[in-house]
Structures are given as structure tokens and as C-alpha cells.
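A short worksheet on the structure shown next.
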């Protein structure tokens with residue numbers, strides 16, 4: 001089965017179409033006006049704590065404050081706060097979590113004002129983009145998504161996709177990831193990791209770790225409301241999720257998008273670089 005991705009650039013963003021055997025199966029519109037995308041990590045400021053909702057409103061630069069519920073703090077929020085406080089004061093400059101001592105997990109039934117205070121600076125990640133009168137929805141359980149896995153700082157657990165049902169393959173992946181993952185990072189193994197060798201998995205893991213380190217290294221110079229780590233474009237994230245051996249064509253009429261995607265494919269699947277083409281009319 002042949003797969004083709006077509007990206008058309010417009011004044012308002014990009015239109016992305018996925019074709020299988022020449023039939024349209026997916027259509028997305030990536031709006032350039034929306035600067036607050038799912039996966040983006042920001043340095044926010046706690047503007048208001050609402051005990052009745054057990055939630056807080058966080059300023060990340062959008063016209064409406066973003067919403068953060070207690071259950072979206074994540075169990076390792078105290079570790080995140082401890083680490084980011086040191087990084088903001090330039091006491092952690094490498095971005096590494098090796099030798100970092102995690103704090104105990106928070107109580108699932110706790111209260112927001114036991115963890116956060118008004119005016120506090122906090123690292124947050126967008127899980128739902130802003131719509132109409134509502135600001136973005138946030139989490140403090142940060143994660144970085146790659147082609148074969150998702151990297152979770154301040155965790156040491158390894159979870160494997162339930163869609164990988166073969167017992168021996170699950171054991172192989174668990175053993176392999178346990179041997180290569182960095183200290184104080186957890187991993188969620190995606191379905192597409194099935195059958196992949198250590199070189200491919202390690203490369204994906206190192207790319208994610210480097211993204212984290214790059215963001216943390218610059219944190220001391222980051223101002224509130226600024227983006228710390230950005231999610232890739234919609235086109236690149238689609239490729240991350242669907243690129244496989246049957247993919248035989250990717251066409252765009254935008255030079256910037258063409259170069260970005262070509263660079264990304266060069267990282268994750270160099271043999272596929274030749275399928276990226278620039279349409280000039």
C-alpha cells in the first residue's frame with residue numbers, strides 16, 4: 001500500500017492531506033496563528049489558586065490564563081519544582097537528571113495550595129489548545145514524544161504499548177530500554193518500536209534527552225511566559241507517528257516546510273530522505 005503526504009501552505013497556515021492508494025484518509029489544518037500547541041513546554045506563573053476547583057490559573061502569555069487541575073500536577077511535581085528552581089537560579093546547568101534526588105510523590109487526594117503558591121514560577125506543558133473563551137489546559141507531568149518512545153523526566157518506570165502483545169518482544173524491549181535509558185527518566189514504548197534494534201531505539205532516546213537538556217540549559221535565562229521546549233510542527237509530528245516502509249511520497253509547496261521535514265527525516269529515517277519533494281507549480 002502506498003502512502004502520500006501533501007502539504008499546502010496558505011496565508012493562514014498549512015493544509016495537510018494523507019492519501020492511501022490515492023484516497024484521502026486524513027486531513028489536518030495547522031493554523032499559524034495558534035502559537036500555543038499541544039506538547040509545548042512553557043515557564044508559567046501561578047496567577048490564582050481556586051480551592052473550590054482544586055486548580056490554579058497559570059499565565060503562559062496567552063490572552064486567557066491557562067487552567068491546571070491538581071490531578072494534572074503529576075505525582076513528581078515536587079521533584080519538578082525542586083529541579084526547575086535550581087535550574088532557574090543557574091545551579092543546574094547541564095540539563096542532566098543523573099544524581100538528582102527525586103522528592104516523594106504527592107498525595108493524590110491533596111490540595112493545590114499545598115503544592116503551589118501565587119506568584120510561583122512553574123514549568124507546564126500544554127495538553128489542550130485554547131478554544132473560544134477558554135485558555136489552554138496544562139499538565140506538570142512533562143513528557144517528550146519521539147518516534148519510538150515518550151521520555152518522562154523524574155520517573156523511572158518503563159511502560160510498553162499494550163498493542164505489543166508478544167511476550168518475548170515485550171521482555172526484549174524492557175531489557176533493552178532498561179539498559180540504555182538515562183537516570184531519572186521514564187519511558188513509554190510506542191507500538192512502532194516493535195522489532196527495532198538497539199541502534200534505532202538509542203538514537204531516538206538520545207534525541208529526546210538532548211531536547212530536554214537544551215531546554216533546561218537555557219532555563220536560567222528564560223523569562224516567564226516564554227516557551228522552553230517546543231513541539232514540532234503538525235507535519236513533522238504526523239510523520240513521526242505514521243512514517244513507515246510503505247511511505248513513498250511527501251510533497252509540499254513551501255520551501256521552509258520542505259527543509260524542516262527533510263532535516264527531521266534525515267534524523268529518524270535517512271533512507272527516506274529522497275521521498276521529500278518541493279512542488280514549484
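The table below gives the values:
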{"read-out": "The chain, relative contact order in percent, only Cα pairs under 8 angstrom and at least six apart counted", "value": "23"}
{"read-out": "Relative exposure of 29, 220, judged by other C-beta atoms within 10 Å (fewest first)", "value": "29, 220"}
{"read-out": "On Cα atoms only, tilt of 198-217 relative to the major axis of the chain in degrees", "value": "50"}
{"read-out": "Quarter of the Cα convex hull surface for segment 209-259, i.e. its orientation-mean projected area (nm²)", "value": "5.4"}
{"read-out": "Estimated FRET transfer efficiency when R0 is 22 angstrom, pair residue 128-residue 256 (beta carbons, to 0.05)", "value": "0.20"}
{"read-out": "Gyration tensor verdict on segment 25-150 (Cα atoms; rounded if a/c is under 1.5, prolate if a/b is larger than b/c, oblate otherwise)", "value": "oblate"}
{"read-out": "On Cα atoms only, tilt of 77-88 relative to the major axis of the chain in degrees", "value": "90"}
{"read-out": "Gap separating the Cα centres of segment 167-244 and segment 102-161, nearest whole Å", "value": "16"}
{"read-out": "Tilt relative to the chain, helix 255-268 - C-alpha long axis, 0 to 90 degrees, to 10", "value": "80"}
{"read-out": "Share, in percent, of DSSP beta bridges within the chain that are antiparallel, nearest 5", "value": "80"}
{"read-out": "For segment 232-281, convex hull volume per residue from C-alpha positions, Å³", "value": "71"}
{"read-out": "Largest-first principal axis extents of the Cα set of segment 2-61 (Å)", "value": "53, 25, 16"}
{"read-out": "Cα-based Rg and Dmax for segment 43-115, where Dmax is the largest Cα-Cα distance (Å)", "value": "13.7, 39"}
{"read-out": "Where the Cα pairs of segment 99-236 fall when distances are cut into 10 Å bins, in %", "value": "9, 34, 34, 19, 4, 0"}
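Bear in mind these aren't lab numbers, they're just calculated from the coordinates by the rules spelled out. Since the model is a prediction, treat every value here as computed from it, not as a measurement. Quick reminder, even Gly has a Cβ in these numbers, built from the backbone with ideal geometry, and neighbours come from all protein chains shown.
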